[in-house]
1. Here are 63, 97: which of them is exposed (fewer than 15 other Cβ atoms within 10 Å of the Cβ), polar (S, T, N, Q) and without any contact (Cβ under 8 Å) to a residue 12 or more places away in the chain?
2. Which residues, counting only those in the range 48-60, are in contact (Cβ under 8 Å) with a residue 40 or more places away in the chain and either within 29 Å of residue 23 (Cβ to Cβ) or aliphatic (A, V, I, L, M) (or both)?
3. Can you work out which of the residues in the range 32-54 that are hydroxyl-bearing (Ser, Thr, Tyr) and more than 13 Å from the chain's Cα centre (by Cα) is modelled with the lowest pLDDT?
4. Does the range 66-92 hold any residues that are surrounded by 14 or more Cβ atoms within 10 Å (Cβ to Cβ) and of a type in the set (Asp, Glu), and which are they?
5. Just to verify a result, which residue in the range 120-145, among those that are touching a residue at least 12 places away in the same chain (Cβ under 8 Å) and of a type in the set (Gly, Ala, Ser), is nearest to residue 18 (Cα to Cα)?
6. Consider residue 84 carefully, then state whether it is in contact (Cβ under 8 Å) with a residue 12 or more places away in the chain and within 21 Å of residue 19 (Cα to Cα).
7. Do the conditions hold for residue 112, that is, is it farther than 19 Å from residue 85 by Cα, without any contact (Cβ under 8 Å) to a residue 40 or more places away in the chain, over 11 Å from the mean Cα position of the chain (by Cα) and surrounded by 21 or more Cβ atoms within 10 Å (Cβ to Cβ)?
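The values are calculated or read from the model by the stated rules, or taken from the named source; none is laboratory data. Computed from a predicted model, the values in this text were never measured in an experiment. Positions of Cβ are generated from backbone atoms using ideal geometry, with glycine treated the same way; all protein chains shown enter the neighbour counts.
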Amino acid sequence: MDSESRFPKNQLGREELLAFFISHLNRIYCAKSQLVDKLPGLSGEAHFLDLVQSIDETVDVVQLQIQRMKQIYILLDSIYHSESCNGLIGLLDEAFQSIGPQSNKPGLRDLSILFYMLNIESIEMASFKMLMLVSEKLDEPKVTQLLLECYDEAKEDRVLLRQIADHYI
């Protein structure tokens, strides 16, 4: 079986790809907005200073990413429309729930926070990577560049969080 029959060529037109792109950009935008609102609460629960600083820096990075996404909407002559981002909201809510039982154990509480922060960064990386692939197919190099910057930041955050986890485990 050749690769063409296993992986048939995408037959989606520009309008379908653009609708897919905007819909998923809306979901990421929604999730990022939730992160800006909820991450400071996680920062307040963290014990180790480097984790607190990492979460605070992540909030700053997310705000930059939101600004880039606003630029993408402008470049694509589109606007944000609210779409469900219940999955990421659920992940954040679960992070808060998991640290509750660890309230008197700072090390375990911080590991719980790290667990969810690493998951969030992995989801962000995958989301930005997929949107970059679609923006390349849409022949939108400026959009692809903005997404690449967001992807690189998520990757850097994941590496830093992993280093913090390695240090404390």
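1. Details: 63 fails: without any contact (Cβ under 8 Å) to a residue 12 or more places away in the chain.
Sole residue among the options that is exposed (fewer than 15 other Cβ atoms within 10 Å of the Cβ), polar (S, T, N, Q) and without any contact (Cβ under 8 Å) to a residue 12 or more places away in the chain: 97.
2. Residues satisfying the conditions are 51, 55, 58.
3. 43
4. Of everything in the range 66-92, just one residue is surrounded by 14 or more Cβ atoms within 10 Å (Cβ to Cβ) and of a type in the set (Asp, Glu), namely 83.
5. Only one residue fits best here, namely 135.
6. Numbers: in contact (Cβ under 8 Å) with a residue 12 or more places away in the chain: yes; within 21 Å of residue 19 (Cα to Cα): yes.
The answer is yes for residue 84.
7. yes
The rows are residues; the columns are (1) within 21 Å of residue 155 (Cβ to Cβ); (2) touching a Lys or Arg at 6+ places or on another chain (Cβ under 8 Å); (3) polar (S, T, N, Q); (4) at pLDDT below 90.
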site: 17; (1), (2), (3), (4): no, yes, no, no
site: 30; (1), (2), (3), (4): no, no, no, no
site: 56; (1), (2), (3), (4): yes, no, no, no
site: 61; (1), (2), (3), (4): yes, no, no, no
site: 78; (1), (2), (3), (4): no, no, yes, no
site: 84; (1), (2), (3), (4): no, yes, yes, yes
